[in-house]
Amino acid sequence: MLQIEQLNKSYYIKNKKVVACKNINCMVEDGKFVWIKGNSGAGKSTLLNLISKIDECDAGRILWDSKDLTLMNKSEACDFRIAACALVFQFFELLKTQTVYENACLPMKIAKKEKKYISERIKYLLNEFEIYELRDKKPHELSGGEKQRVAICRALGNEPRLLLLDEITSSLDAELSHKTYRFFKRYITEHNAVGVFVSHDEVISDYADAIYKMKSGELESTD
C-alpha cells in the first residue's frame, strides 16, 4: 500500500517561490492504480519524483508497505528504485549507444539477475509490447512510440510492485494505448502492485480504479 501524508514541495525560480505540491494526501491500496490528471505545471511529475525519491520533499511522509520512504538515504533510495519501483518518464532516457535489448536489460543487470532470467523476461516483455523484432536496433532507429515501449519494458524487468508512470502512451495510437493499459491493469492485479499514472490520455479512464486532478500543487479526488 502507498500512503502519502501532508506532502509539500516548493521551488524557487528567479527568487520566486513555486509551490509544486501542497498538503497532498492520498492512499492507493495493493492491486489498484490511480490516474492523476491536470494541466502542465500542476505538479504531477514533481509528485512522482517525490514518491520515487528522485527529489526530496520539504515536509510530509510517503509510506510504502508501512516503510517511510522519506527517511531513506541516497543509497537506500537507489536500491529501492532498482528493486521495487518502475519509473517511466516523458523523456525516455534510453542509452544511445545501446540496443533495444541492452536498454531493456539494464535494471536486471544492475540487480544481478541470472542470464537465463534476463533473457526470458526480456523476450516476454518485448513480445508483449510488439517490439521484439526491434531488439538489435539503436534508439535513433526507433519511432517515438517504439522508444516509449522500450522504456516500459525496461521499467518492468525486475517485476516491481510500485509503478510510477508519466505519460506512457503520449506517442501511441488509441489501439496501443488500450493494449498498454490492459496490460498494466492485469499486471497490477497479478502482482498485487500499486500504480500512480500521470496522463493526458483519456483512454486510461476505462482502466483506472480512482481518478485525481492536480491543480496548482493540490491534489483532489474526482470521485
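The values are calculated or read from the model by the stated rules, or taken from the named source; none is laboratory data. This is a predicted model, so every value here is computed, not measured. Note that each Cβ is placed from the backbone with ideal geometry, even for glycine, and that neighbours are counted across all protein chains shown. What goes into the accessible areas is simple: the full protein's heavy atoms, side chains included, and nothing from ligands, DNA or RNA. Shrake-Rupley method; radii C 1.70, N 1.55, O 1.52, S 1.80 Å.
How much of the accessible area of the range 117-166, in percent, comes from carbon and sulfur atoms when a 1.4 Å probe is used? The computed percentage sits at 41.
Given Lys123/Lys179; Lys112/Lys137; Lys22/Lys215, which pairs have Cα atoms separated by over 21 Å? Long pairs (Cα-Cα over 21 Å): Lys112/Lys137. The H on the amide N of Leu172, modeled in the peptide plane, is under 5 Å from the matching H of no residue at least 5 residues off or on a different chain. What longest region of the chain stays clear of trypsin sites (Lys or Arg not before Pro) that DSSP places outside H, G, I, E and B and that have at most 14 other Cβ atoms within 10 Å? So the longest stretch without any such site is 113-223. Seen against the Cα atoms of the chain and their longest principal axis, helix 115-128 is set at about 80 degrees.
How tilted is helix 174-190 with respect to the longest principal axis of the chain? Cα atoms for both, answer in degrees (0 to 90, nearest 10). For 174-190 against the chain, the angle is about 80 degrees. Accessible surface area normalised per residue over the chain is 51 Å², counting heavy atoms of protein chains with a 1.4 Å rolling probe. The Cβ shell under 12 Å around Glu76 holds other residues with a net charge of +2, Lys and Arg each +1, Asp and Glu each -1.
One decimal place: the segment Lys116-Lys16 gains 30.8 nm when fully extended, by the rule 0.36 nm per residue minus the C-alpha distance.
If you take the Cα centroid of the range 50-78 and the Cα centroid of the range 138-192, the two points sit 24 Å apart. In a fully extended conformation the segment linking Tyr124 and His200 would gain 24.6 nm over its present Cα-Cα distance, using 0.36 nm per residue. On full extension, the segment bounded by Lys74 and Leu106 gains 9.5 nm, given 0.36 nm per residue less the C-alpha separation. Of the GluC sites (Glu not before Pro) found in the range 34-136, those that fall in a DSSP loop while having at most 16 other beta-carbon atoms within 10 Å are Glu56, Glu93, Glu114, Glu130.
In angstrom, the C-alpha Rg and Dmax of the chain are 17.2, 53. In sequence order, the range 30-42 has phi-based couplings of 4, x, 10, 9, 10, 10, 10, 10, x, 5, 4, x, 6 Hz under the Karplus curve 6.51 cos²θ - 1.76 cosθ + 1.60, θ = phi - 60°, and Gly or Pro positions carry x.
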